[in-house]
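Each remark here refers to the structure printed beneath this line.
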């Protein structure tokens, strides 16, 4: 079992996701991503949401820090500060880079997906801050395993994947994506370097493992943005 997995992103016409670079600035709709996120959470009845490592370090408050050393030897077992939550903020942090100095985001408790090579000091730090974590692989995250754990142990039924491009690309490559919610803004980035909706690194991995994409709905939003939703297989 796994949750229903929906990737939700707002992009420029040329597929870039750093809104600060888009032009014309007057066409960038403030808080559009957040407003549609809230709408999806309501539709999917309290969906949890997942972001990647780069986004995790943007949310984390301990920038440039590491958790202090510990003499504890902690088992590589899933650990939950709590079990019941309306929604979880889930983050991929395979190597334990984010020092949180917080335990929730907007009221949603943080849960981190780790690999077994994360040091004991990081695990002790997460426990001390009341942050739940699960393991999904020895050195690299096994997303199928992680999603199975989220479903089985926490009862997560719906999961929004909300970037960055690396996290989106990993979910796509793992064949775990059920739906794509893509909002195309009437703006252009127009240069190289900014991440795209789906990134898979510099190596050419060949075509994505998609069998079909079916348009489920489309809507023209205020300001000229277009909201497209595709069912994936």
Relative to the chain, whose Cα atoms define the longest principal axis, helix 32-43 and its Cα axis are tilted in degrees, nearest 10, by 70
Using only the Cα atoms of the chain, what do you get for the radius of gyration and for Dmax, in Å? 18.0, 57
Tell me what the chain gives for mean residue ellipticity at 222 nm when only DSSP H runs of n ≥ 4 count, each as -39,500 (n - 2.57), the sum divided by the residue total, rounded to 500 deg cm²/dmol. -6000 deg cm²/dmol
Quarter of the surface of the C-alpha convex hull for region 148-233, i.e. direction-averaged projected area in nm², equals 7.3
Quote the relative contact order of region 48-155 in percent (integer), defining contacts as alpha-carbon pairs under 8 Å separated by 6+ residues. 30
Candidates 111, 205, 126; GNM for the chain (alpha-carbon contacts under 10 Å) flags as most fluctuating 205
Taking the chain as a Gaussian network, Cα atoms linked when under 10 Å apart, which of 196, 70, 115 shows the biggest mean-square fluctuation? 70
Residue order, fewest to most surrounding Cβ atoms within 10 angstrom, among 59, 198: 59, 198
For region 48-155, just the Cα set please: Rg and Dmax, both in angstrom. 12.6, 35
Out of all DSSP beta bridges with both ends in region 48-155, state the antiparallel percent to the nearest 5. 20
Ranked list, fewest to most other Cβ atoms within 10 Å of each Cβ, for 156, 184: 184, 156
Consider all pairwise Cα distances in region 1-82 and report the whole-number % of them above 19 Å. 63
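Here, each number is a calculation from the coordinates, and none is a lab measurement. This structure is a prediction, so every number in the text was calculated from the model and none was measured. Cβ sites come from the backbone with ideal geometry, for glycine too, and all protein chains shown count toward neighbours.
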